[in-house]
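Asker: Just passing along the structure, written as structure tokens.
Computed from the coordinates by the stated procedures, all read-outs in this text should not be read as laboratory data. All of these numbers come straight from a predicted model, not from anything done at the bench. Counting neighbours? That spans all protein chains shown, and the Cβs are built from the backbone with ideal geometry, glycine included.
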Amino acid sequence: MRAMTQGIRKDGQDLFPVFPYTSFTKMSAADLKDLWAYLQAVPPVRRENRPHEMLPPFGIRLGIGPWKAMNFKPGPSRPDPSRTEQVNRGAYIVQALAHCAECHTPRNFTGALKPDMAFAGSLDGPEGQLAPNITPDAKTGSGTWSAKDISYFLETGSKPDGDTVEGLMSEMIENGYRHVAPADLEAVAGYLKSLPPIVNKVVKKK
């Protein structure tokens, strides 16, 4: 729980934020305990951990403390009383459990997420893959998608135009979203539709 919410590993040293504790910190204590219980039920596999593959200066552990002081705000998320229960549930899933911003938000020169561009897409997503704008902007985001389009996409990987998703998002759907309860998928869709639209066309340069 300390690793997930504070970014601190077993020996007390700071974890590199490539492990997205900046999002996991928003999880509730109850969900963290349930996650731990599940992990304890997974059959153990003996395998040596791979070394870190981060370029300097991001691979220097001494720099994590100052980075956290500037960019990390620990603590669980709180429901917004001005929003519906469904939208608050969707916000919790998107911001904490699914940590969607970690891929779909551009970063500044320190590697921290840009809060004013939340969910507006990034050219430098995980493993160098493009992460599209998922704010409801009609021209550059998901504004033409209905809430049903979004929830169906998360369940099946099928887009409104009949195309199917590829890359890491297809893995997210196959290993994650397709197992999520329909009500939670609808909550995610409701929250994404409630976001302020941001104009940001994310296209790989030729």
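Asker: For the range 78-206, just say rounded, prolate or oblate: build the C-alpha gyration tensor, square-root its eigenvalues into a ≥ b ≥ c, call rounded for a/c under 1.5, and beyond that prolate if a/b exceeds b/c, oblate if not.
Answerer: Values: a/c = 1.45, a/b = 1.15, b/c = 1.26.
Cα axes put the range 78-206 in the rounded bin.
Asker: At 20 °C and 1.002 mPa s, what whole-number value in µm²/s does Stokes-Einstein give for the translational diffusion of the range 29-87, with Rh from the Kirkwood sum over Cα pairs? Present the calculation step by step, with values, prior to reporting the outcome.
Answerer: Working: Rh = 16.3 Å.
This corresponds to a translational diffusion coefficient of 132 µm²/s.
Asker: Among Lys68, Lys10, which comes first, second and so on when ranked by fewest other beta-carbon atoms within 10 Å?
Answerer: Numbers: Lys68 20, Lys10 8.
Listed from fewest to most nearby Cβ atoms, that is Lys10, Lys68.
Asker: Pairs on different chains or at least eight residues apart, Cα atoms closer than 18 Å: how many lysine pairs in the chain fit?
Answerer: So the count works out to 16.
Asker: Give the relative contact order (percent, whole number) for the range 78-206; include only Cα pairs under 8 Å separated by 6+ residues. Display every interim value, and only then the final one.
Answerer: Working: 201 pairs, mean separation 39.4, N = 129.
Here the relative contact order equals 31 percent.
Asker: Here is a further query. Just flag the GluC sites (Glu not before Pro) in the range 124-206 sitting in loop per DSSP whose Cβ has no more than 10 other Cβ atoms within 10 Å.
Answerer: Values: sites: Glu127, Glu155, Glu166, Glu171, Glu174, Glu186; in loops: Glu166.
Answer in residue order: Glu166.
Asker: Can you work out ³J(HN,Hα) from phi for every residue in the range 121-137, in order, using Karplus 6.51 cos²θ - 1.76 cosθ + 1.60 and θ = phi - 60°, giving whole Hz and x for Gly and Pro?
Answerer: Working through the residues one at a time gives x, 8, 6, 10, x, x, 6, x, 7, 5, 10, x, 5, 10, 7, x, 6 Hz.
Asker: OK, next. Please give the Cα centre distance for the range 16-58 versus the range 113-187, rounded to the nearest Å.
Answerer: Each part reduced to its Cα centre gives a spacing of 23 Å.
Asker: Now for a separate question. Using the Cα gyration tensor of the range 38-137, with a ≥ b ≥ c the square roots of its eigenvalues, what is the shape: rounded (a/c below 1.5), prolate (a/b larger than b/c) or oblate (neither)? Write down the numbers at each step before the final one.
Answerer: Working: a/c = 1.64, a/b = 1.24, b/c = 1.33.
Oblate, since a/c reaches 1.5 and b/c is not below a/b.
Asker: Place the peptides 144-151, 48-55 in order of packing, highest mean first, counting for every residue the other Cβ atoms within 10 Å and averaging per peptide.
Answerer: Values: 144-151: 17.0, 48-55: 7.2.
Packing order, densest peptide first, comes out as 144-151, 48-55.
Asker: To the nearest 20 debye, what charge dipole does the chain have about its Cα centre, counting +1 at the Cβ of each Lys and Arg and -1 at the Cβ of each Asp and Glu? Display every interim value, and only then the final one.
Answerer: Working: 25 positive and 22 negative charges, 123 e Å.
Dipole about the Cα centre, nearest 20: 580 debye.
Asker: Moving to a separate point now. Of the options Ala98, Val42, Leu55, report the single residue whose Cα projects farthest towards the positive end of the charge dipole of the range 20-122 (beta-carbon charges: Lys, Arg +1; Asp, Glu -1).
Answerer: Of the candidates, Leu55 comes out farthest on the positive side.
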